[in-house]
2 protein chains.
Amino acid sequence: MTEPQIILGIDPGCTVTGYSILKKINQKISILDYGYLPLPAKKHLSIRIGIFYEFFIKKLDSFPEVTHIALETPFLHKNAQSFLKLGYLRGVLYLIANQRELGLFEFSPREVKLAVTGYGNASKEQVAKTLQLYFPNLTEQKKDDVTDAIAVSLCGAWSENAQG
Amino acid sequence: MTEPQIILGIDPGCTVTGYSILKKINQKISILDYGYLPLPAKKHLSIRIGIFYEFFIKKLDSFPEVTHIALETPFLHKNAQSFLKLGYLRGVLYLIANQRELGLFEFSPREVKLAVTGYGNASKEQVAKTLQLYFPNLTEQKKDDVTDAIAVSLCGAWSENAQG
């Protein structure tokens, strides 16, 4: 019997953040929680960041057995300011990982798609459909952010080596 | 007699972070503290971010009268990863501003240079020399990060309108 791993996968965003908590024990993976946190778009970033931090601190208080955080590595597309804001949220998650002594998994978007669907350029729909096969009780997600968080937490559950 | 403003200026960086604390009372500005925080370059970012957070939390415990944080707005130059890491540290500072209910000042590098030296394209040496005129007791700074932090805190002290 191996130690259970409980992975909190997060797809951070300044308006919507998806999250998912998966438990892996003896290679069996089950989903404990998933959903999303909306942030008030009109509030100053420092307020949104405060809400974001408190949300995940409370989530970890509710699931104190979480062992790892799993994130996608970010890429700069066109908008440098969006990229920077994503950095703000990721910085807060690094802080939480440090404060709660959690391991960190990071995967590129391609690694996540490849691991989940077997195809590195899979569409969001293909990822969502494949997740439905793994977790038949999953209700259909209206937010891509939730699907992305479940996918990255699943990569974490399959991974053998956490950093941090 | 106006309420004193105490401004913590920070020039964040993943290896060296400069800071400065200025007090403004009745238009008179004095410098209470300045220096820099080195971060262990070889440690995982989450560890560095934890040290960074704890350092400024303790600094604010030592100077509980701080009313504002002053920062330079970041610009993307060539290195997207450095820009993202700067975002991590800024996110943590936004969190601290929210947790401690501090106002936030943000100035572009050009605004800082213009305010301090009267010239928006001033060199780092020009900024340092001008600061020496304002604060004759300032020992010469070996780190640009400290000079930059003092400059941005001075902009904060001169500013009338804080956000956040």
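Being surrounded by fewer than 22 Cβ atoms within 10 Å (Cβ to Cβ) and over 25 Å from residue A:82 (Cα atoms) narrows it down to one of B:81, B:99, B:126, so name that one. Step by step, each of B:81, B:99, B:126 is checked, and only B:126 is surrounded by fewer than 22 Cβ atoms within 10 Å (Cβ to Cβ) and over 25 Å from residue A:82 (Cα atoms). Within the range B:49-81, the residues that satisfy the criterion of being in contact (Cβ under 8 Å) with a residue 40 or more places away in the chain and of a type in the set (Ser, Thr, Tyr) are B:53, B:67.
Scanning the range B:11-63 for residues being under 14 Å from the mean Cα position of the chain (by Cα), small (Gly, Ala, Ser) and either buried (at least 18 other Cβ atoms within 10 Å of the Cβ) or part of a helix (DSSP H, G or I) (or both) gives a total of 3.
Number of residues in the range A:64-87 that are assigned to a loop (DSSP other than H, G, I, E, B) and either among the basic types (Lys, Arg) or more than 12 Å from chain B (Cβ to nearest Cβ) (or both): the value is 5. A single member of B:139, B:67, B:130 is over 30 Å from residue B:41 (Cβ atoms) and out of contact with any strand residue (DSSP E or B) (no Cβ under 9 Å at 6 or more places or on another chain), and it is B:130. Yes or no: the range A:117-134 includes at least one residue that is of a type outside the set (A, V, I, L, M) and within 23 Å of residue A:65 (Cβ to Cβ). Checked against the condition, which is being of a type outside the set (A, V, I, L, M) and within 23 Å of residue A:65 (Cβ to Cβ), the range A:117-134 yields at least one hit.
Could you check, for the range B:105-118, whether at least one of its residues is modelled with pLDDT under 95, within 14 Å of another protein chain (Cβ to nearest Cβ) and either in contact with a Phe, Trp or Tyr (Cβ under 7 Å, 6 or more places away or on another chain) or under 25 Å from residue B:44 (Cβ atoms) (or both)? Checking the range B:105-118: not a single residue is modelled with pLDDT under 95, within 14 Å of another protein chain (Cβ to nearest Cβ) and either in contact with a Phe, Trp or Tyr (Cβ under 7 Å, 6 or more places away or on another chain) or under 25 Å from residue B:44 (Cβ atoms) (or both).
The values are calculated or read from the model by the stated rules, or taken from the named source; none is laboratory data. Remember, predicted model here, so these are calculated numbers, not experimental data. Every residue, glycine among them, receives a Cβ derived from its backbone with ideal geometry; neighbour counts consider all protein chains shown.
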